[in-house]
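Right, one structure below, let's go through it.
The values are calculated or read from the model by the stated rules, or taken from the named source; none is laboratory data. Note that the structure is a prediction, hence the values are computed from the model and not measured. Heads up, the Cβs are rebuilt from the backbone with ideal geometry, glycines too, and the neighbour counts pull from every protein chain shown.
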Amino acid sequence: MKLPESFYETIFLFLELGLILGSLGIVLFTNIVYSALLLGLVFFCISLLYLLLNADFVAAAQILIYVGAVNVLIVFAVMLINKKQYSNFFVYWTIGDGITLTLCTGLFFLLNNFISNTSWSQIFSITKPNFVRKELILINTVRHIGSELLTEFLFSFELMSIILLIALIGAITLARRESEKKNDFLNF
């Protein structure tokens, strides 16, 4: 379905606003449960961006894998940790926070410069498929993604699942240690 360009620009503006505000909320909120829930909003906005780019399969995979699995895993791990809540908005600013802010800001401006100086029309003409029917494009795209995922990117795919498993085990271990400390303190 072909929609006017201004409609796409309006949706893109709202999605980018959701991405920016969600990302700032992840970083600035001291309540880690809110940060984890805002991470789900960011993942969902990214999947909607994929829909705007006519990448239906990647959008569905983004929702299923990142919103449905990874973010739920992060929320469960965060709730198992049960960290102390802070009452003020900005907890402490250290030298490391200043260095991190400087590096992230510099990286943002560097990427912004690269993106603004890239000729996107040449990239589109190179990657434009030669297929006429959309069904053939979708089948070949899904087949290509699956082939690349199970051949060239197999090691990184499996490594990411191992890292997520280690993070979950670490969160459970931290939660057990804190509950054991509470029980030891109550038994005194």
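Assess whether Phe114 counts as being more than 17 Å from Ala61 (Cα to Cα), loosely packed, with under 10 Cβ neighbours inside 10 Å, among the hydrophobic types (A, V, I, L, M, F, W, C) and at pLDDT 80 or above.
It is true that Phe114 is more than 17 Å from Ala61 (Cα to Cα), loosely packed, with under 10 Cβ neighbours inside 10 Å, among the hydrophobic types (A, V, I, L, M, F, W, C) and at pLDDT 80 or above.
If you check Gly68 against the conditions, is it at pLDDT 85 or above and of a type in the set (Gly, Ala, Ser)?
In short, no.
How do the pairs read when you match residues in the range 157-179 that are closer than 30 Å to Gly146 by Cβ with residues anywhere that are among the hydrophobic types (A, V, I, L, M, F, W, C) and surrounded by 11 or more Cβ atoms within 10 Å (Cβ to Cβ), using Cβ under 8 Å and keeping only pairs 6 or more apart or on different chains?
Matching pairs, first to second residue: Phe157/Leu149; Leu164/Val70; Leu164/Leu73; Ala167/Leu73; Ala167/Ala77; Leu168/Leu73; Leu168/Phe76; Leu168/Ala77.
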